[in-house]
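> Here's a structure for you.
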Amino acid sequence: MKNIQSHIKGETFGASFLKGDFQLIYEQTLSSFKEIVTLEQFIDLSSSFNLDVQHYTLENLTLLTNQLRHFLWVDNEIEKAISVVFDKENIIHGIRLFFSRSILLNIIEILW
């Protein structure tokens, strides 16, 4: 990741995701993620996930290890959330999209 001049950081992920920087996000994921999800699938799913979202807010940041940080981004209606894990070189180790308000509220409650 050091050779990539333009990359997304955990702290700016919500804005980048909403803006549609899906290819850049995808390029920062682990090869194991790319073996499961194609770029086209990722773009289609991410674009549809962004429908009706005005903004994402960083709800929680957790240091998982010395190398890994977990970010929880929540949409303006608290109906959708993105859970994403970055390492120190801004490689994305995991992305999870949540659609349900009830599941999301349970996750936020657990984190607090």
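> Select, from V53, V74, the only residue that is part of a loop (DSSP other than H, G, I, E, B), free of Cβ contacts under 8 Å to residues at least 60 places away in the same chain and in contact with a strand residue (DSSP E or B) (Cβ under 8 Å, 6 or more places away or on another chain).
V53
> Go through segment 11-37 and count every residue that is part of a loop (DSSP other than H, G, I, E, B) and of a type outside the set (G, A, S).
4
> If a residue has to be touching a residue at least 24 places away in the same chain (Cβ under 8 Å) and assigned to a loop (DSSP other than H, G, I, E, B) to count, how many in segment 80-98 make the cut?
Residues meeting the conditions: 4.
> If you don't mind, there's one more thing I want to ask. Output the residues belonging to segment 56-71 that are within 10 Å of the chain's Cα centre (by Cα) and in contact (Cβ under 8 Å) with a residue 40 or more places away in the chain.
Of everything in segment 56-71, just one residue is within 10 Å of the chain's Cα centre (by Cα) and in contact (Cβ under 8 Å) with a residue 40 or more places away in the chain, namely F71.
No value in this document is a laboratory result; all are computed from the given coordinates. If you're wondering where the values come from, they're calculated on a predicted model, not measured in any experiment. In this analysis, Cβ positions are derived from the backbone assuming ideal geometry, glycine residues included, and neighbour counts consider all displayed protein chains.
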